[in-house]
Amino acid sequence: MSIYEDYYNKKVTQYGNEENLKKFYIQNKIINLIKSGHNIQDIANLLSFSINKDKVDYYAELVEFHRDKSLSAVIKESKTTFMETDSDVSDFINSWISYNNG
C-alpha cells in the first residue's frame with residue numbers, strides 16, 4: 001500500500017511504534033467491530049473472509065491490542081462549548097421529532 005510519509009508517521013504514533021503498526025494494522029471497520037465486542041469469527045463471517053486456524057494466537061493478540069489501545073487520533077480541544085441555532089431550525093427539528101414519534 002502506498003501512503004504519504006506524514007500519514008505513515010501519524011499511524012506509527014497512533015500504534016505506539018513501527019513494529020506495532022506493521023503487526024497490528026487493519027482496516028478501521030474491523031477495529032470498530034472489535035471495539036464493539038465482536039470476535040474474529042463473527043467479523044470473518046460478516047466481512048466474508050476466512051480464518052487461518054494457524055494464526056489463532058495472533059488473532060487473539062490482535063483483538064487484545066485493538067480493544068486495549070486507544071488508536072484514535074490526538075483529540076483536539078474544541079473551542080465551542082455550546083451551539084446556538086436559529087429558532088426556525090429548532091421548530092423544524094421539534095416538528096420532525098413529533099411527526100416521527102406520533
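The values are calculated or read from the model by the stated rules, or taken from the named source; none is laboratory data. Just so you know, these numbers come straight off a predicted model, no measurement behind them. No Cβ is skipped: glycine too gets one built from the backbone with ideal geometry, and neighbour counts run over all protein chains shown. Heavy atoms of the whole protein, side chains included, go into the accessibility calculation; ligands, DNA and RNA do not. Shrake-Rupley method; radii C 1.70, N 1.55, O 1.52, S 1.80 Å.
Consider the stretch 1-40 and keep the residues that are loosely packed, with under 12 Cβ neighbours inside 10 Å and of a type in the set (A, V, I, L, M, F, W, C). The one that is modelled with the highest pLDDT is ILE3. Taking residues in the stretch 40-62 that are free of Cβ contacts under 8 Å to residues at least 12 places away in the same chain, and partners anywhere that are assigned to a helix (DSSP H, G or I), the pairs with Cβ atoms closer than 6 Å and at least 6 places apart or on different chains are ILE51/ALA44. Taken together, the residues in the stretch 57-102 that are modelled with pLDDT of 75 or more, open to solvent by less than 90 Å² (accessible area, probe 1.4 Å) and closer than 22 Å to ASN28 by Cβ amount to 8. With (1) under 18 Å from the mean Cα position of the chain (by Cα); (2) aliphatic (A, V, I, L, M); (3) open to solvent by less than 100 Å² (accessible area, probe 1.4 Å) as the list, and LEU46 as the residue in question, which single condition is left unmet? Evaluating LEU46 over (1) under 18 Å from the mean Cα position of the chain (by Cα); (2) aliphatic (A, V, I, L, M); (3) open to solvent by less than 100 Å² (accessible area, probe 1.4 Å) leaves (3) as the failure.
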